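Please read through the structure below; I'll follow up with questions.
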Amino acid sequence: MDRLMTDAEIEEAWDDICKVLNKDQDELKRDIVSHIGNKWSLFVLHALGIDGKMRFSNLENHINGISQRMLTKCLRELERDGLILRSVYPEVPPKVEYELTSLGRGLLIQVTPLWLWIARHSEELKGARANYEK
């Protein structure tokens, strides 16, 4: 069974979060949360974390349902935020690869427990949705 946080741990974590959220750069924080929390970014980070360097077409094939336009937008945002690195090789046609930066790997480490939680509780989540739809 998953260990739950104690009330004291929750309170301490919340205090730390509030200290960060109440500092300057509110627009930056909203931007980053928006980029990381969009529908596709975590899938891109996961793909690059599992398979390493990938070309655009490989990412597009790896992430089921993402459009070229949305993948391009997502990659640009993640690159701008320093989470992925875009490498262009001087070939004809140009070869472009994407990979996680150390900052991106650090984020992936933080969200891995979320992926695990989803995997472990997917049947319960499906059941809850089915019950809701009745």
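Every number in this text was worked out from the coordinates using simple rules, so none of it is lab data. Just so it is clear, the structure is predicted and the values come from calculations on it, not from any experiment. Cβ coordinates were reconstructed from backbone atoms using ideal geometry, including for glycine residues, and neighbour counts include every protein chain displayed.
On C-alpha positions alone, give me the angle between the axis of helix 41-51 and the longest principal axis of the chain, in degrees, nearest 10.
Helix 41-51 sits roughly 70 degrees off the main axis of the chain.
If I fit a long axis through the Cα atoms of helix 26-36 and take the longest principal axis of the Cα atoms of the chain, what angle between them do I get, 0 to 90°, rounded to 10?
70 degrees
Right, next: Could you list the GluC sites (Glu not before Pro) in segment 41-128 that lie in coil according to DSSP, counting only those with at most 16 other Cβ atoms within 10 Å of their Cβ?
Those satisfying the criteria are Glu91.
Dipole size in debye (nearest 20) for the chain around its Cα centre, Lys and Arg Cβ +1, Asp and Glu Cβ -1? Write out the running numbers ahead of the final one.
Values: 19 positive and 22 negative charges, 143 e Å.
With only Lys, Arg, Asp and Glu charged at Cβ, the dipole is about 680 debye.
Just want the answer: with Cβ charges of +1 for Lys and Arg and -1 for Asp and Glu, which residue in Ile63, Leu107, Leu4 is farthest toward the dipole's positive end in the chain?
Sorting the options by dipole projection puts first Ile63.
Using only Cα atoms and rounding to the nearest 10 degrees, what angle (0 to 90) does helix 7-21 make with the longest principal axis of the chain?
Between the helix axis and the principal axis of the chain, the angle is about 40 degrees.
For each pair in Lys73/Lys126; Lys29/Lys53; Lys53/Lys73, compute the distance between the two Cα atoms and list the pairs where it is over 20 Å.
In this structure, Lys73/Lys126; Lys29/Lys53 exceed 20 Å between Cα atoms.
Can you list, largest first and rounded to whole Å, the semi-axes you get for segment 37-133 by taking the square root of 5 times each eigenvalue of its Cα gyration tensor?
Gyration-tensor ellipsoid for segment 37-133: 29, 15, 11 Å.
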